[in-house]
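These notes are about the structure you will find just below.
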Amino acid sequence: MVCDILKYDVIIPLIRETEELSKYDRVFFFEEAKREGGVGESFIAAYPEVKNFKHIGVEGFPTHGEVAELLADAGLDAASIVKTVTGNEA
């Protein structure tokens, strides 16, 4: 599997490089923030032509805990990301 990884610290307003994401067959957004109203929603609203889009982010209100545990619960730890992208366990 060939892929590119882009990390944006600031993306709103959508920056020019984001337009290039619409050329990919699959686009994944992993947000360490609430999914609703996040960058992923802004992207898919701006580029509805992207058909295979997956948006992972924090659902609801996170509980207190260790960072690693909270990331795993949200599907944002390394193993969860690998599983989401490849469909296989890490």
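The values are calculated or read from the model by the stated rules, or taken from the named source; none is laboratory data. Here the structure is a predicted model, which means the values were calculated and not measured. When we count neighbours, we look across all protein chains shown, and the Cβ atoms used for this are built from the backbone with ideal geometry, even at glycine.
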Give all pairs with beta carbons closer than 7 Å in which a residue from the stretch 66-83 that is on the phi < 0 side of the Ramachandran plot meets a residue that is part of a loop (DSSP other than H, G, I, E, B) and aliphatic (A, V, I, L, M); count only pairs at least 6 apart in sequence or on separate chains.
ALA78/ALA90; ALA79/ALA90; VAL82/ALA90; LYS83/ALA90
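What tally of residues in the stretch 46-83 results from selecting those that are more than 15 Å from TYR24 (Cβ to Cβ) and either assigned to a helix (DSSP H, G or I) or out of contact with any helix residue (DSSP H, G or I) (no Cβ under 7 Å at 6 or more places or on another chain) (or both)?
First pass over the stretch 46-83, keeping only residues more than 15 Å from TYR24 (Cβ to Cβ): 56-83.
Okay, now just the ones that are also either assigned to a helix (DSSP H, G or I) or out of contact with any helix residue (DSSP H, G or I) (no Cβ under 7 Å at 6 or more places or on another chain) (or both), so 58-61, 63-74, 76, 78-83.
Residues meeting the conditions: 23.
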Any chance the stretch 14-24 includes a residue that's modelled with pLDDT under 75, part of a loop (DSSP other than H, G, I, E, B), touching a helix residue (DSSP H, G or I) at 6+ places or on another chain (Cβ under 7 Å) and surrounded by 11 or more Cβ atoms within 10 Å (Cβ to Cβ)?
yes
Can you tell me which of PHE43, PHE28 is modelled with pLDDT of 70 or more, part of a strand (DSSP E or B) and either out of contact with any His (no Cβ under 7 Å at 6 or more places or on another chain) or farther than 24 Å from ASN88 by Cα (or both)?
PHE28
